[in-house]
Amino acid sequence: MKAAIQTYLNEVEQFQTQDNEVLENFRIRFLARKGILNDLFEQFKELAPAEKKETGQILNVLKNQLQDKISRIKEEIDSKSGGEGLKIDLSLPADFMETGSRHPLSIVRNEIIQVFSRIGFNVAEGPEIENDWHNFTALNFAPEHPARDMQDTFFIEKDPDIALRTHTSSVQIRVMESGQPPIRSLFPGRVFRNEAISARAHCIFHQVEGLYVDKNVSFRELKQDLLYFARELFGAQTQIRLRPSYFPFTEPSAEMDISCNICGGKGCNICKYSGWVEILGCGMVDPAVLQNCNIDPEEYTGYAFGMGIERITLLKYLIKDIRLYFENDLRFLKQFAGTY
């Protein structure tokens with residue numbers, strides 16, 4: 001057996017080729033499952049113990065030399081070919097790469113931020129997982145308020161004091177706690193409510209809220225700033241109206257409608273033939289909320305407002321189903337290519 005191994009060693013040492021096919025045949029002959037090397041190892045198992053040590057050593061030498069020789073010749077062939085085997089037709093057209101676009105919610109979010117930044121608002125953000133103080137109590141929600149009910153809020157089962165925030169008003173509290181007026185900030189972000197998903201509602205949606213606190217802030221300033229916002233976003237012809245409403249954290253409170261930008265206020269199915277479409281809630285910051293944040297309500301006043309980005313986007317782009325925002329359907333998203 002040792003003589004046979006020596007013969008194969010000599011053959012391996014003398015083997016040379018520049019042909020990949022010849023090299024592959026050589027490799028198969030020696031290293032395939034039923035090749036020479038495997039056959040030699042089977043014979044090795046039947047040797048007497050006294051012969052195994054010396055025979056095993058030269059058998060391993062054969063194995064290592066085979067692998068080294070095949071690897072070295074293959075590298076030489078590949079380096080000399082210089083990629084000649086790779087054939088590219090340079091006359092073919094290039095692969096078409098589609099232009100991407102921002103999501104419509106991102107587009108409208110940025111537009112809202114840009115409008116308010118022109119009148120001095122900056123942007124502040126906060127955590128999406130909140131405690132009861134920032135999400136409810138500091139905002140003047142009574143313990144029995146319906147918004148605390150499990151049907152509206154995603155509470156953490158192991159800690160009922162922790163919940164997914166239901167509005168970005170929680171960031172207003174954090175900003176007021178961390179600094180003193182003047183405060184003029186926007187709070188964009190994602191919020192969560194335990195609601196049934198439909199064409200007009202979703203358990204995940206996005207808000208932009210605003211807060212202005214300073215000396216002698218009035219409801220007149222709130223109305224004027226919101227009129228400016230509406231006309232910048234929907235057009236110079238847009239009218240607004242404020243209807244009395246209720247929010248725990250503002251007093252007085254109002255809902256703001258804009259004249260329907262689809263029919264120009266004449267009445268259509270979008271505005272339910274009223275000529276008006278509700279887009280946000282607003283009001284003067286309740287003195288109790290200021291006190292909760294260690295701001296003196298005798299010295300400072302403020303206004304706050306909040307709107308759903310999904311609703312604004314529905315109106316701006318005439319989108320009929322809120323679920324389209326979350327489906328990642330390229331047919332829908334491609335409509336906004338080139339819009340920023």
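The numbers here are math on the coordinates, done by the rules we state, and not lab data. Owing to the predicted nature of the structure, the values given are computational and were not obtained by experimental measurement. When we count neighbours, we look across all protein chains shown, and the Cβ atoms used for this are built from the backbone with ideal geometry, even at glycine.
Descriptive notes on the structure:
- For the stretch 2-81, the Cβ-based charge dipole about the Cα centre amounts to some 240 debye (Lys, Arg positive; Asp, Glu negative; other atoms uncharged).
- Nearest-ten-degree value, helix 219-234 long axis tilted from longest Cα axis of the chain: 50 degrees
- Residue with peak Gaussian network fluctuation, the chain [Cα springs, cutoff 10 Å], from 12, 289, 123: 12
- With K and R counted +1 and D and E -1, the other residues having a Cβ less than 15 Å from that of residue 245 yield a net charge of -2.
- Helical mean residue ellipticity (222 nm; -39500 (n - 2.57) per DSSP H run of 4+; nearest 500) of the chain: -12000 deg cm²/dmol
- GNM result for the chain, Cα springs below 10 Å: residue of 283, 189, 35 fluctuating most strongly: 35
- Model label sites at residue 162 and residue 25, defined 7 Å from Cα along the beta-carbon direction, differ in position by 7.0 nm.
- GNM on the chain, alpha-carbon springs under 10 angstrom: the most fluctuating residue among 94, 163, 138 is 94.
- Ordering of 69-77, 307-315 by burial proxy (mean other Cβ atoms within 10 Å per residue, highest first): 307-315, 69-77
- Each of 43, 233, 178 was scored by the projection of its Cα onto the charge dipole of the chain, and the greatest displacement toward the positive side belongs to 233; charges sit on the C-beta of Lys, Arg, Asp and Glu.
- The chain: relative contact order as a whole-number percent, Cα under 8 Å and 6+ apart: 16 percent
- Degrees separating the helix 169-178 axis from the principal Cα axis of the chain, which is the longest one: 90 degrees
- Folded to 0 to 90 degrees: helix 2-14 orientation relative to the chain principal axis, Cα: 60 degrees
- Antiparallel content of DSSP bridges confined to the chain, in %, to 5: 95 percent
- Taking the chain, the Cys residues with no second Cys beta-carbon under 4.7 angstrom are 203, 282, 293.
- For a modelled paramagnetic label at residue 111, 7 Å from Cα along Cα-to-Cβ, the residues of the stretch 293-336 in reach, with backbone nitrogen under 17 Å, are 307-322, 325, 333-336.
- Spatially proximal lysines relative to residue 63 (Cα-Cα < 21 Å; intrachain offsets below 8 disregarded): 2, 34, 45, 52, 53, 74
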